[in-house]
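Trainee: Would you mind keeping the following structure in view while I ask a few things?
The values are calculated or read from the model by the stated rules, or taken from the named source; none is laboratory data. As the structure is a computational prediction, the values presented were derived from the model and not from experiment. In this analysis, Cβ positions are derived from the backbone assuming ideal geometry, glycine residues included, and neighbour counts consider all displayed protein chains.
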Ligand code: BGC
């Protein structure tokens, strides 16, 4: 299918430090993976060894026709102890940006993708009132060294998911079940985004700054509208409303499926639904709807910072990509300002509690040799990019 996306559209894929770098032992997640009774099926270990293989990986993505690459800077490496910053770690991320530049790829940098330094978690993490200030200080330090070389920066990745899963379900660190604390953490995340935004905007360069949210296509069943409003309020609207008022340049949309809500709450997918490896309903149409919602509620252009599918069946990835991009394209045709699309994920990587079982990658990674092998879906995606005049 030939579609035309806007000129200058960012085409690429997304990753996160902890999921691909390997050896992220100074983070709260490493501790979480290793604690007795951890819900993680396996530890992250060497991940994809991106730490040493970033140059080849970025070259491969460029050869696939991508013009953008999203990765995250690991706070636990940059600030290994409170107030102590590592020039070497900042130097490393500078070299990742060099590699992007060398291969003609626009770097899209996230400052926080789920993981925090151990010292930060030990002193109370996101529950503490001064957590936004701590995060702002880290953001300012990154901005000072790399700000002029980061055209696009996302402050936080899915703080709404971290608050829910860390303080409600409780499957992410710190593994609590406390509604009140969850609300506190949500508020601290909003303030942390504001602190980082301020730090980035007053640093060197002119980074375009945004916040990435986990978004579901919320659909009510009969009698479910009120419940839906309540869930969506805490999950999305408080963040979107804050973004509407602040100086951020874009809103990051990360969508995987829909959420059907009845009077009793969120429903399981229908019995006959096709499920992905994550147990989500195969529902690529969710992307267009959520991108539209994010724009309508914030008034900002959207950047799809994540969208993808965990599956062993690469043909379903092709179908998912096709469906999601069709829906997004339709919204763009109807006037949605959309800056780009970043498929989750470049590589098969560490999927948090689920370990290495779910396969989200366009590229597979051999768990022993770390050899990379692009899948047919990678070629399908390259073809879409090529038809849009980029590759
Ligand atoms: C996260 C990623 C994760 C992906 C797939 C998003 O919630 O940002 O880190 O791997 O979903 O589950």
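Trainee: May I ask you to verify whether residue 388 is within 14 Å of the ligand (Cβ to nearest atom) and more than 23 Å from residue 46 (Cα to Cα)?
Mentor: On the way: within 14 Å of the ligand (Cβ to nearest atom): no; more than 23 Å from residue 46 (Cα to Cα): yes.
Here the answer is no, as residue 388 does not meet what is asked.
Trainee: Something else now. Answer yes or no as to whether residue 363 is surrounded by 17 or more Cβ atoms within 10 Å (Cβ to Cβ), at pLDDT 95 or above, under 27 Å from residue 23 (Cα atoms) and in contact with a strand residue (DSSP E or B) (Cβ under 6 Å, 6 or more places away or on another chain).
Mentor: Working: surrounded by 17 or more Cβ atoms within 10 Å (Cβ to Cβ): yes; at pLDDT 95 or above: yes; under 27 Å from residue 23 (Cα atoms): yes; in contact with a strand residue (DSSP E or B) (Cβ under 6 Å, 6 or more places away or on another chain): yes.
So residue 363 fits the description; yes.
Trainee: Here are some residues: 370, 350. Which one is part of a loop (DSSP other than H, G, I, E, B), within 21 Å of residue 18 (Cβ to Cβ), modelled with pLDDT of 95 or more and more than 15 Å from the ligand (Cβ to nearest atom)?
Mentor: Numbers: 350 fails: more than 15 Å from the ligand (Cβ to nearest atom).
So the residue among 370, 350 that is part of a loop (DSSP other than H, G, I, E, B), within 21 Å of residue 18 (Cβ to Cβ), modelled with pLDDT of 95 or more and more than 15 Å from the ligand (Cβ to nearest atom) is 370.
Trainee: Within region 105-174, which helices (runs of 4 or more DSSP H) (wholly inside it) include 2 or more residues that are in contact with a helix residue (DSSP H, G or I) (Cβ under 6 Å, 6 or more places away or on another chain) and within 16 Å of the ligand (Cβ to nearest atom)? Walk me through it before giving the result.
Mentor: Working: elements: 118-122, 131-146, 159-167.
Per the criteria, 159-167.
Trainee: To continue, here is another question. Which residue, of 356, 320, 341, is at pLDDT 95 or above, buried (at least 24 other Cβ atoms within 10 Å of the Cβ) and within 16 Å of the ligand (Cβ to nearest atom)? Step through it out loud before you land on a result.
Mentor: Numbers: 356 fails: buried (at least 24 other Cβ atoms within 10 Å of the Cβ); 320 fails: buried (at least 24 other Cβ atoms within 10 Å of the Cβ).
Selected residue: 341, the only one of 356, 320, 341 that is at pLDDT 95 or above, buried (at least 24 other Cβ atoms within 10 Å of the Cβ) and within 16 Å of the ligand (Cβ to nearest atom).
Trainee: Okay, moving on. Name the single residue, out of those in region 286-316 being within 22 Å of residue 379 (Cα to Cα) and in a loop (DSSP other than H, G, I, E, B), that is nearest to the chain's Cα centre (by Cα). Let's see the steps before the verdict.
Mentor: Step one: list which residues in region 286-316 are within 22 Å of residue 379 (Cα to Cα), which gives 287, 304-316.
Now drop any that are not in a loop (DSSP other than H, G, I, E, B), which leaves 308-313.
On the way: 308: 11, 309: 13, 310: 15, 311: 18, 312: 21, 313: 23 Å.
Per the stated criteria, the residue is 308.
Trainee: In region 194-215, what residues are touching a helix residue (DSSP H, G or I) at 6+ places or on another chain (Cβ under 7 Å) and over 22 Å from residue 131 (Cα atoms)?
Mentor: Within region 194-215, 204, 205, 207, 215 meet the criteria.
Trainee: Something else now. Testing residue 379 on (1) within 16 Å of the ligand (Cβ to nearest atom); (2) more than 26 Å from residue 210 (Cβ to Cβ), one condition comes back false. Which one is that?
Mentor: With respect to (1) within 16 Å of the ligand (Cβ to nearest atom); (2) more than 26 Å from residue 210 (Cβ to Cβ), residue 379 is out only on (1).
Trainee: Okay, moving on. Here is a list: 261, 153. Which entry is within 30 Å of residue 41 (Cβ to Cβ) and crowded, with 17+ Cβ neighbours inside 10 Å?
Mentor: Result of the check over 261, 153: 261.
Trainee: Test residue 40 against the stated conditions and say whether it is buried (at least 23 other Cβ atoms within 10 Å of the Cβ), within 16 Å of the ligand (Cβ to nearest atom), in a loop (DSSP other than H, G, I, E, B) and within 22 Å of the chain's Cα centre (by Cα).
Mentor: Values: buried (at least 23 other Cβ atoms within 10 Å of the Cβ): no; within 16 Å of the ligand (Cβ to nearest atom): yes; in a loop (DSSP other than H, G, I, E, B): yes; within 22 Å of the chain's Cα centre (by Cα): yes.
The answer is no for residue 40.
Let's see how each residue does on (1) assigned to a helix (DSSP H, G or I); (2) away from the ligand (no atom under 16 Å from the Cβ); (3) modelled with pLDDT under 95; (4) surrounded by 15 or more Cβ atoms within 10 Å (Cβ to Cβ):
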position: 204; (1), (2), (3), (4): no, yes, no, no
position: 209; (1), (2), (3), (4): no, yes, no, yes
position: 223; (1), (2), (3), (4): no, yes, no, no
position: 228; (1), (2), (3), (4): yes, yes, no, yes
position: 231; (1), (2), (3), (4): yes, yes, no, yes
position: 235; (1), (2), (3), (4): yes, no, no, yes
position: 242; (1), (2), (3), (4): yes, yes, no, yes
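Trainee: With the requirement that a residue be surrounded by fewer than 19 Cβ atoms within 10 Å (Cβ to Cβ) and closer than 9 Å to residue 100 by Cα, what does region 52-77 give you?
Mentor: 55, 59
Trainee: Residue 88 - would you say it is farther than 20 Å from residue 202 by Cβ, without any contact (Cβ under 8 Å) to a residue 24 or more places away in the chain and not in a loop (DSSP other than H, G, I, E, B)?
Mentor: Details: farther than 20 Å from residue 202 by Cβ: yes; without any contact (Cβ under 8 Å) to a residue 24 or more places away in the chain: yes; not in a loop (DSSP other than H, G, I, E, B): yes.
For residue 88, the condition - farther than 20 Å from residue 202 by Cβ, without any contact (Cβ under 8 Å) to a residue 24 or more places away in the chain and not in a loop (DSSP other than H, G, I, E, B) - is met.
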